[in-house]
Amino acid sequence: MTGLDLSGLTAGPAQVRGGVRLVPLLRAHPVPDLRLHAELYDAELGVVEFGRHSYTSYIPHGFVADWSGDGTPAAAYGTQLTTDRPDRMRLHFPHRMVRRLDRNRLRFLPLHLASEGYLSLHFGGPVIAWEEWSRRALRNGLSPRAEQAYRGVEVNGLPDALRVFEIHPDQCGVLIYVADALAAAFVLPHPDDYRVLHPSLVQDLYGELIHHYSFHPPVDEFRVQLRESAIRSLDDLRLHAAQQEQTWRHFHDTTLAGGLLDSTYMWERVYRMGRFTLSRFLPPFRPKQDNHIGETITDAKGRVVYLKTFRLAENQVRRGYLLNRLADADWHLGDTADQLGITEDQLGLRLNSAGFGHLLRRDVLDGYRARARRSP
Amino acid sequence: MSVRGDRLAAEDVLLFANASITATGQREFHSGEAHQRLSLGFLHDYVLGNYRDLYTATLALDINDHNAGLIIRRLLESAGEASDAQRRTEGRLIARRLESLPPQRVYRLFRELRTAGVNNRRTRAIIRDWLTTRPDPALDAVKYRNALKLALRHTHLAPPSEEVGAFLFASHRGKRFTTPLLDTWREAHYAKNRLYDLPFTVAEGFAARHGIDRGEFLERIAPRLTRLERLRLQNSARRHGAGSVPMDLERMPLTRLASYVLSLPLDDRARRRTELEEALTAAARRAAGTESGRWGRVTAVLDDSFSSSGSTAKRRRPLAVALASHYLLRALATEYIPLWTSGRADALLNYPYGVTPLGHRIIDALDTGPDRLVLVSDGWDNAPPGLAAEVLRVWRSHLDPDGRVDIVHLNPVYDAGDFEVRRLSAAVPTVGVRDAEDLPALVELAHFATGHTELSELTSYLAARTRGFLEGR
C-alpha cells in the first residue's frame, strides 16, 4: 500500500469555465521512450471475453502504448495506427482489456482496467457458506455486477471547458475539478501525446457524483493579488508574481488535490513492458472522503508516467467498504456487525440499501426488516 | 441629468461603441452565435431606448457593417419616436453610411425592413435616394436580381429604367435587351462562352448549370473577379488547378492581408516570405499615412494564444488583427519592440498556440522603457489568471502615477456575457478593434475610456466626428 508518486510534474495555473476547473500538470523533462496514442473503435459497444465470462461496456477508444527497450526516443504518434477499423454497426470484440499488439506495443482500454479492478472486488462472493447468504450468492458470487458512469459529454459544462482550454507548451496532464471536487486525473509521458489525447477526455467515464456536481453554480478563479506596498520596482513586481504562482501551486497540491495524493492505495500489477509497469489501484474505501480508482504506468523508480483515475460516487464507496469489511470477517454477518459497531439487523439493512439485498436469503432479510420496524 | 447619470451615460455609450466595433453576431471562441446575437440585440435596444442621439451618432464612428445595418434598421423601425431635428440628423447620417456600406449589405437591410414591415415615407425616401446613387443599375439588376426586385416591390418605386423593369418583372420569352449586360445574361442561359462576361457570383450559377469544370471556370472568370473575391478564391483556385488567378497583394487592406497570410500553410509562408513581408509592410505604411514614424518608442504585447484562433465563422481573426497591428505599429513607431505571448519572434510564421501569460509579458514590455505600450488581446489572461490586471494596477498606482507610459488595450473580441469587450484593468483604457487600420483613431477614442469621462466631452467628440463624417472626410 503506497501513494501516488507524481514527482516531475508541477501544477500550472488553473483555467476555469463555469463549474469546471482544469489544472494543467507540467513536465519539465518529458519521458522520451514511452508514447501513448489513441486507437479508435467505430462501434460504441464492446464485448471483452475472458474465460467463460464476458464484459460488455461502452468503449470509445483504446490506448496504445509504444516503448523502446533501449531508451531511445520512440516514434511519434500517428504513424502506427495500423489496426484495421471494424465495420460499422458490428460489435467489436477486443479479446482482453490488455493485449500485446507487437513486441513493443500494448493496447489497453483506458479506465476499464481500473473499473474492472473495482468490479471484481471480492467477486467470488462468500468464502464460507454461512446460512444467511442466499443460494445464488454462494453459487454465482457477486455476478452479475454492474456500475453506472457518465460519459464526459454528459457532464454539464465539461465539453465546453475542454474546448476553450489553452494547452501549455509543456503540459503532460490535467486534473479536472467539477465544483471543486477532483473528478479525474490524467497524466501522459509526453506533451505531444497530451495534445493529441486532450479531446479524448470528453469520451471518458465520470462518476455519478461528478455528473451531479456539474449542475452546481460556477466556481471562482483564484486571481492573483499583489500587495502594492511592498513593490518598488519592476523586479519586485516580477518577484511577487513568481511568489504568487508558488503559493497557488502549494495550495493546489496540499488542498485541492490532497484527496488524491495523500491517500494510500492497493496496487495490482497488470503488465510489465520494458522498464515500465502497467498497474491498477484501489482506494482504501473510506466513506465520505475522496476515493479514486485508477490505472498507472510507472517507471523503474515508481514515478507515474501515465495515470488515469475515476472518482467513485458515495454509494460505490459504501459498497466497496462493506465488501472489504465482510471479507475481513470471512463474510460472517455477526462478526462484521460487531466490528462496525452496529447490530446484525442494521448491517443487513445496510447491505440491502447498498444494492446487495439479493445476496441475503429472502427470509433472513425479511426478518431484519421486521425487527427494525418493531424497534424504531 | 445628475453627475452620476452623466457618467453612466458616457460609460454606456463607450461600451456600445466598443461592442459595435467588434461584435458581428457570429460565433466567437468563447461563445456561440445565438449568445452573441442575443447579447448584441439587447445592447442595441437598451442604447436606442435611453440615448437615441448618441445611438445615432455611433454611425459616424468606425463601427463594423453588421452593426451599422442593425442601427439603421432600428432607427427606421422606430422613426415615430424621433423628433423632427433628430430625424434630420438621422436621415443624413443614414444616407451617408449607406453610401459606404457594401451593396449586398444594403440590399440585405432592405430585405430585413421588408420582413419587419417597415415601409414609412422616410424609409421609402432613403431607399429611393440610395438607388439613384448606384452607378450601374443594370449591374445591380443582374447581380442582386432578387434583392433589387424585392426592394422595388416593397417601396413601389419605379425601376431605374424601363428595360431594367422589364428584366426584373416581365416574362422574357427570348426577347433581346439593348443593355449589353442584360443581354449577356439572356445569352448565358444557352451560350457557355457568354457567362464569362457576367459578374462572378452570377456566372457561378450558370457555370454549375452548364456543368463547367470548376478549375476551368475560375481560370476564365479571373478577369471579372473583384479584389476580395480574388483573395477569397486563391486557395480554391489552387485546389482545382486553375493556374492563373493573379492577385495584386500590394493593394489589399492590411487586416485582410494578414488574414490571408495566416490562412496559408507555414511552408508557403516561409517560401513566399519576402513577397508577403513586403505586401504587409506596404499596406501598413499606407494605413499609417501621415502618422508614420511619429509615435516614438512603442512596445506591443500581442496575443497569439490558442484563443486567438477565433471560431469556424471567424478563422484566426483575433490573431490576424494582432499581426496587422504588429506591422502597423512598426510603421508608426520610431523604435518598435513586439512581444508575442507565446514568446516566439517570427511574426509571419505565427499560429495560435498555448496559454496567455499576459501578465508576465506586460512586465517584460514595461521593462523595455517605452513611450507607449499597446496590448492586443482578447483579454482572457490565464497564466496565471488576473496577473495582467494586477500588474497594470500596481504600475499605474505606484510605479508610474504620472502616466509617463501611455498604455492602451485593444480587444478584437466582443464578450457576449459582459456586453462589452473584455477589460484587463480599470487602470487602463480598453477599446474594441475590428480592423487594425483604425488603430490611430481608436487610440484617440481610448482616452475617453478611462472611466472618468464627462458626457459633455464625449458628446462634443461625437458631434465633431459626425460633422467630419457627413462632410466626407
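The values are calculated or read from the model by the stated rules, or taken from the named source; none is laboratory data. Predicted, not measured: the structure shown is a model, and the values here were computed from it. Every residue, glycine among them, receives a Cβ derived from its backbone with ideal geometry; neighbour counts consider all protein chains shown. These area figures cover heavy atoms from the full protein model, side chains too; ligands, DNA and RNA do not enter into them. Shrake-Rupley method; radii C 1.70, N 1.55, O 1.52, S 1.80 Å.
Just name the residue that is nearest to the other protein chains (Cβ to nearest Cβ) out of those in segment A:197-208 that are open to solvent by 10 Å² or more (accessible area, probe 1.4 Å) and closer than 29 Å to residue B:359 by Cβ.
Looking at residues that are open to solvent by 10 Å² or more (accessible area, probe 1.4 Å) and closer than 29 Å to residue B:359 by Cβ, I get A:198.
Tell me, which residue of segment A:150-186 that is aromatic (Phe, Trp, Tyr) and more than 15 Å from residue A:18 (Cα to Cα) is nearest to the chain's Cα centre (by Cα)? Walk me through how you get there before you give the answer.
Our first condition is that a residue be aromatic (Phe, Trp, Tyr); within segment A:150-186, this holds for A:150, A:165, A:177, A:186.
Filter once more, keeping what is more than 15 Å from residue A:18 (Cα to Cα): A:150, A:186.
On the way: A:150: 13, A:186: 9 Å.
Looking at residues that are aromatic (Phe, Trp, Tyr) and more than 15 Å from residue A:18 (Cα to Cα), I get A:186.
If you check A:260, A:226, A:237, which single one turns out to be away from every other protein chain (no Cβ under 14 Å) and open to solvent by less than 40 Å² (accessible area, probe 1.4 Å)?
Within the list A:260, A:226, A:237, the selection yields A:260.
Out of all the residues in segment B:290-305, which are part of a helix (DSSP H, G or I) and under 28 Å from residue B:388 (Cβ atoms)?
From segment B:290-305, those part of a helix (DSSP H, G or I) are B:290-291; that's our starting set.
Residue satisfying the conditions is B:291 alone.
Out of the residues in segment B:175-231 meeting the condition of being farther than 18 Å from residue B:143 by Cβ and of a type in the set (Gly, Ala, Ser), tell me which one is modelled with the highest pLDDT.
Among those residues, the one meeting the criterion is B:211.
Each row is one residue, and each column tells you yes or no for (1) assigned to a helix (DSSP H, G or I); (2) out of contact with any Ser or Thr (no Cβ under 8 Å at 6 or more places or on another chain); (3) of a type in the set (A, V, I, L, M).
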{"site": "B:258", "(1), (2), (3)": "yes, yes, yes"}
{"site": "B:275", "(1), (2), (3)": "yes, yes, no"}
{"site": "B:281", "(1), (2), (3)": "yes, yes, no"}
{"site": "B:285", "(1), (2), (3)": "yes, no, no"}
{"site": "B:288", "(1), (2), (3)": "yes, yes, yes"}
{"site": "B:307", "(1), (2), (3)": "yes, no, no"}
{"site": "B:321", "(1), (2), (3)": "yes, no, yes"}
{"site": "B:328", "(1), (2), (3)": "yes, yes, yes"}
{"site": "B:348", "(1), (2), (3)": "yes, yes, yes"}
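Quick check on segment A:240-257: of everything there that is open to solvent by less than 50 Å² (accessible area, probe 1.4 Å) and more than 7 Å from chain B (Cβ to nearest Cβ), which residue is nearest to the chain's Cα centre (by Cα)?
Checking each candidate, the answer is A:257.
Let me spell it out: the conditions are (1) crowded, with 23+ Cβ neighbours inside 10 Å; (2) in contact with a Pro (Cβ under 9 Å, 6 or more places away or on another chain), and residue A:191 meets all of them except one. Which number is the exception?
(1)
Take the residues in segment B:190-202 that are of a type outside the set (Phe, Trp, Tyr) and in contact with a Leu (Cβ under 9 Å, 6 or more places away or on another chain); name whichever of them is most open to solvent (accessible area, probe 1.4 Å).
B:197
Would you check which residues across segment B:330-343 are part of a strand (DSSP E or B) and open to solvent by 50 Å² or more (accessible area, probe 1.4 Å) and list them?
Correct list: B:335, B:337.
Spot the failing condition for residue B:353; the list is (1) in contact (Cβ under 8 Å) with a residue 60 or more places away in the chain; (2) within 14 Å of another protein chain (Cβ to nearest Cβ); (3) open to solvent by 40 Å² or more (accessible area, probe 1.4 Å), and only one is missed.
(1)
Here are B:155, B:115: which of them is polar (S, T, N, Q) and free of Cβ contacts under 8 Å to residues at least 12 places away in the same chain?
Going through B:155, B:115 in turn, the sole match is B:115.
Tell me, which residue of segment A:171-188 that is farther than 20 Å from residue A:296 by Cα and buried (at least 18 other Cβ atoms within 10 Å of the Cβ) is farthest from the other protein chains (Cβ to nearest Cβ)?
A:181
For a quick check of your reading of the model, give me the residue pairs whose first member lies in segment B:178-205 and is in contact (Cβ under 8 Å) with a residue 24 or more places away in the chain and closer than 15 Å to residue B:136 by Cβ, whose second is among the hydroxyl-bearing types (Ser, Thr, Tyr) and surrounded by 15 or more Cβ atoms within 10 Å (Cβ to Cβ), with beta-carbon atoms closer than 7 Å and at least 6 apart or on different chains.
The qualifying pairs are B:197/B:184; B:198/B:184.
Find the residue count for segment A:209-221, including only residues that are in contact with a strand residue (DSSP E or B) (Cβ under 7 Å, 6 or more places away or on another chain) and either away from every other protein chain (no Cβ under 14 Å) or hydrophobic (A, V, I, L, M, F, W, C) (or both).
Qualifying residue count, segment A:209-221: 6.
From (1) touching a Lys or Arg at 6+ places or on another chain (Cβ under 8 Å); (2) part of a helix (DSSP H, G or I), pick out the condition that doesn't hold for residue A:131.
Only one criterion in (1) touching a Lys or Arg at 6+ places or on another chain (Cβ under 8 Å); (2) part of a helix (DSSP H, G or I) is unmet by residue A:131, namely (2).
For segment B:1-14, which positions are out of contact with any helix residue (DSSP H, G or I) (no Cβ under 8 Å at 6 or more places or on another chain) and touching a residue at least 12 places away in the same chain (Cβ under 8 Å)?
Across segment B:1-14, the qualifying residue is only B:11.
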